[in-house]
Amino acid sequence: MPLNPDYVFDTFVTGPCNRLPHAACVAAAEKPGAQYNPLFIHGGVGLGKTHLLQAVCQKVMENNPSARIMYLSCDSFINQFVAAIQNGDMNTFRFRFRNLDMLVIDDIHFLGGDRERSQEEFFHTFNTLYQQHKQIILSADCPPSEIPELEERLVSRFNWGMVARIDKPCYETRIAILQKKARLRGLELADDVVSHIAAKVENNTRELEGAITKLQGMQLLTAGQIDLDMARQALGEASTPDQKRVTIQQILDAVTKYYNVRLSDLQSKRRHKSIAFPRQVCMYLARRHTRYSLEEIGGYFGGRDHTTVLHAVRTVGEDCTNDREVAKQLNYLESQLAG
């Protein structure tokens, strides 16, 4: 398959969700076949598996332009194998796949199922390359043991080296991804725009990149400045009458009642957790449900500056992702505001 010049290590954003697979890929690219062989990366759709696989290929080619690398999808491997059988050309097929320095296959989970002959051929291809200390890198949506109807001997071999999982990016990582993607496209995004997109788009990196692409397109069409309203439009958010009626005072009333705190405490300089967290929740909800700027929201809480508000938004957003209890609290408060 063709390599995307943007899919290199320099453009990959690392975080707690992907640090291990990234480090393993860097090591495999620096010394192919020496360690982490085979390297098996698994995770959900759009989390960066393909980016890492292509980054390894491009780094190896940079270090050794004469390296023989085969990078393809599992479907392509199966289709070429079937075509070779039909054409009676198995010798050419085997020479192509076994005379390599590195074999990289994306979506290897498609090898599972009723494909006994394909699995048999890949088993022997794998053995040949492994015995020659050639690097093998595979990706899938799930770990080897969970690939449906994959032969046990292949499961065993896939587990020989490093099996690394990529998880969904946390809030802070999503922030970093958006900032890097925007810089690569020459876009300047305000902190509140980045924070809003990161809070709304939680599933994968591909959706974050899609949001950036849409923002860029809208900016070109309107010749306007990218602001929070444009970001909301890009994400397909429609302002409902209920959303428009939400005020800072309603948020303050809901939060003070739920957490049993006084308004004067929220607006004070007190930093005790029993006060600081409800204050951060207020800022988070104000950012989500009103059109006030970061500075204006800070003004409601003792004149705090925009960086304090931004930190609160990020903190609560990350807590919602990682802590079910916090997510439950925020869902309740938002239901109160919607009512």
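Coordinate-derived values only; no laboratory data. Nothing here was measured: the structure is a model prediction, and the numbers come from that model. We place every Cβ from the backbone using ideal geometry, glycine too, and count neighbours over all the protein chains shown.
Placing unit charges on the Cβ atoms only, positive for Lys and Arg and negative for Asp and Glu, gives segment 171-234 a dipole magnitude near 260 debye about its Cα centre. Specify the angular offset, from 0 to 90 degrees and rounded to the nearest 10, of the alpha carbon long axis of helix 191-200 from the longest principal axis of the alpha carbons in the chain. Between the helix axis and the principal axis of the chain, the angle is about 70 degrees. Axis of helix 116-131 versus longest Cα principal axis of the chain: the two differ by about 90°, to the nearest ten degrees. Projecting the Cα positions of Ile166, Gln131, Val155 onto the charge dipole of segment 59-211 (unit charges on Cβ atoms of Lys, Arg, Asp and Glu, taken about the Cα centre) puts Gln131 furthest along the positive direction. Spin-label model, Arg291 to His311: label points 7 Å out along the Cα-to-beta-carbon direction sit 3.0 nm apart.
Remark: spin-label model distance Leu220-Thr11 equals 1.6 nm, labels positioned 7 Å along the Cα→Cβ axis.
Bridgeable aspartates and glutamates around Lys269 (alpha carbons under 16 Å apart, same-chain partners fewer than 8 residues away excluded): Asp305. For Ile166, the residues whose amide H sits under 5 Å from its own are His42, Gly43, ignoring neighbours fewer than 5 places away on the same chain, with H placed 1.01 Å from N. The modelled label-to-label distance for the pair Gln86/Glu152, using points 7 Å beyond Cα in the direction of Cβ, is 3.5 nm.
Each peptide in 203-211, 36-44 gets a packing score, the mean of other Cβ atoms within 10 Å over its residues, and the list from highest to lowest is 36-44, 203-211.
Identify the residues of segment 1-40 with backbone N under 13 Å of a label point that sits 7 angstrom from the Cα of Ala176 along the Cα-to-Cβ direction, or state none. Taking a point 7 Å out along Cα→Cβ of Ala176, the residues of segment 1-40 whose backbone N falls under 13 Å are 10-23. Taking the Cα centre of the chain as origin and assigning +1 to Lys and Arg Cβ atoms and -1 to Asp and Glu Cβ atoms, the resulting dipole is close to 860 debye. Which FRET efficiency, nearest 0.05, do Asp227 and His272 yield, Cβ-Cβ r, R0 35 Å? The computed FRET efficiency comes out at 0.50. Considered as an equivalent ellipsoid built on the Cα gyration tensor, segment 171-234 has semi-axes of 17, 12, 11 Å, the largest given first. Counting only residues at least eight positions apart within a chain, or on another chain, the lysines with an alpha carbon under 29 Å from that of Lys200 are Lys49, Lys168, Lys180, Lys181, Lys214, Lys244, Lys257, Lys273, Lys328. Taken about its Cα centre, segment 241-338 carries a charge dipole of roughly 180 debye when the Cβ of each Lys and Arg holds +1 and the Cβ of each Asp and Glu holds -1. Against the chain, whose longest principal axis comes from its Cα atoms, helix 49-63 is set at around 60 degrees.
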